[in-house]
Structure formats: C-alpha cells, structure tokens
Amino acid sequence: MIHKEDPRFRNLERKIGIFIATALAGILIAAVLFGLQKDFFTRKYSLSFTTDSGTGFTKGMPVKLSGFRIGRVTGISLNNLAMVDVSLEIDADYLSWIRSDSIAKLVKEGLVGDSVITISVGSPDKTQLKDKDSIVFIPTRSLDELADEVAKQVKTLLAEVNGITRYINDPDGDLKKTIRNAEQLTRNLEGTRQNADRLLVSAADNVQLVTSRATILMDSTNKKIDSIDLNPTLTRVNSTLDHLDKKLPALLDKADTTLLNISRISYETRLLSEKSFPRIPGLISQAEDVMLSSDRLINSLQNSWLLRDSSVPVRKQDLITGDSYE
C-alpha cells in the first residue's frame, strides 16, 4: 500500500518553530521597549514628603524638574498622625540637581491639564539629597480654592457695585443733586454769557472812547509843547553861565586872598594875646587902685563944708575888690 504525503503539511514543524520564535522575539522587544518607557532599566532612588491632604495625588503621577519628567509617584499612605506620606521614585541621573533647598509642589499643567509634582533646582552650594531622604513640600491652592477666593472677591465687588448703583440712583443723593445743580447752572450759563457779551461790548466802547480822548489830549499836548519857544530862555541861561564863568576865577582869587588875610590876622591876634595876657592882671590891679583913690577923693569932697548937702546921704555902694588874676 502506497502512502502519499500532502504537500501542504510539508516542513510544518519548521514553520511552527519560526512562528513561535518570531512571536517570542516580538514579545521580548515589546517588553524591552515597555521597560525603557517605564524606566525599568534605569537606576533610581526614592524621596518622600508629608502633606496634610492626599487630594490630587495618584500613583504613577509624573515628577518633573524644569518641565522635564524625572520620576513618578510610587506610593501614597496615611500615617499615624492622619497625615499623608507620598513616596517618589527619581532617576539617579538627576540626583545632582536636587539639593536640600529644593522644594516640591503639586501643580496642574495648563488650566485643565493633569496634575504633576514639580521639584525646583537646588543651589550648588547646598548638600545633595540621598536615597530615602525627605524633601520639603509646599502645598498649592487647588482650582476649587482659587474659585472660592475669586467668588468671595467677586461677591465683595458686586456688593460694592450694588451700593454704588443705589447711591447713583438715589433721587435725594448727592450725585442727583449735583446733576440737577449742574443742569440749572447750564441753563443759567446762557444768560450769563449774554450779560458777559454785553459787558464786553460796553467795555470795548469805553476803551475806544478813552483811547480817542487820550489821542486828542496827546495831540493837544504835543501842539502846546511845540508852541513853546525855549530858545530865549536857553540863551539867557547860557549868557548867565558865561558871565559866571568869567567872574568866578576873580571871585575865587579874592576869596583865597581874604582867607589868607584872615588866617594872618588870626595868627597875629593869637601872638598879641599871648604877649598881652601876662600884663592884664597888673593893669586890673592898677585900675582898682585908681578907682579906690577916686572914691576916697569924692567922699572927702562931699564931707567938706563947702559942698556938704543937708539931704540924707545916699548909701554908698562899695566896690567889690576883684582878684588880680580874675
């Protein structure tokens, strides 16, 4: 009995082996790529921080430095103090940029983007964080908190706007009164403007009248000044000045001579006084002696019988003897 083999099943085992090998190679490549994508083959170290609330944190959340992904959140747990411990897994390649003064924040990428944890770059002079160290976390306000704060501010603003609106619409308020006064003032401005126009026209007429009169007065004054002939007066004044110029030198010479004579007379008088002053006391003494002798002679004549008078003699007045040096 002859057994015939189907050509479709020829080399079937080889084909199955190639298919399985290809599938295994694809799975291996996919696993490698997945591991590379998830950083399974990168050396890592862990950091942690504690926060009051775990809202917004999820496992696998990316951790970024300067906008670049450097790790992920690996664990979120509640501790004995009802605080939330968050564990981070960071690639060791970025270890040199995370220092003791670095801080972590929970932020949103864009307005409606995913939440991420950002870590700031530390100072070069600070110590580098090591594996399982803690990093400082600063909580940020969420959109709900920001919305509540904005709502409070808007409510306050709306209340102020409402108050301002009521103040503006109040018929007895200052603003309404001011508007009414402004309207009344505007209505009165037309009459005031007309009065001002009339006043300006009257003032212009008065100015023109005063200007014309001043012009007439100036013309009259100029004519009178022109009619005055000052030449004779100036001629007489000039002749008088010439006569004085001619007489003045002679008068000055005479005055100098007179002053010189007066000076000489004063000098001679002073010399004569100095010479005569020592003789004056003796002359005064001699004059007193002569007067006493004359008084005695008169008394003797009165007492003589020929010249005696029966009338009561007048009491004689004795002369006062003066000091010979007075």
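For A204, what charge total do you get from the other residues with a beta carbon under 12 Å from its beta carbon, if Lys and Arg give +1 and Asp and Glu give -1? List each step's numbers first, then the result.
On the way: positive: R198; negative: D197, D205.
With Lys, Arg at +1 and Asp, Glu at -1, the neighbours total -1.
Average the reciprocal distances over every distinct pair of alpha-carbons in region 171-228, invert the result, and give the Kirkwood radius in Å.
Details: mean 1/r = 0.0646 Å⁻¹.
Computed over Cα pairs of region 171-228, the Kirkwood hydrodynamic radius comes out at 15.5 Å.
Send over the Kirkwood Rh of region 92-219, from the inverse of the averaged 1/r over different Cα pairs, rounded to one decimal Å.
About 23.6 Å for region 92-219.
Which pairs break 32 Å Cα to Cα here: K224/K246; K44/K108; K223/K246; K132/K152; K224/K247; K155/K176? It would help to have the intermediate numbers written out before the result.
Working: K224/K246 36 Å; K44/K108 25 Å; K223/K246 39 Å; K132/K152 42 Å; K224/K247 37 Å; K155/K176 27 Å.
In this structure, K224/K246; K223/K246; K132/K152; K224/K247 lie more than 32 Å apart at Cα.
Using bins 10 angstrom wide from zero, how does P(r) for region 44-140 break down, in % of all Cα pairs?
Pair shares across the bins are 16, 54, 27, 3.
Every number here is computed from the coordinates shown, using simple stated rules; none is lab data. Keep in mind that this is a model prediction, so the values were computed, not measured. A quick note on method: Cβ atoms are made from the backbone with ideal geometry, for glycine too, and the neighbour counts reach across all protein chains shown.
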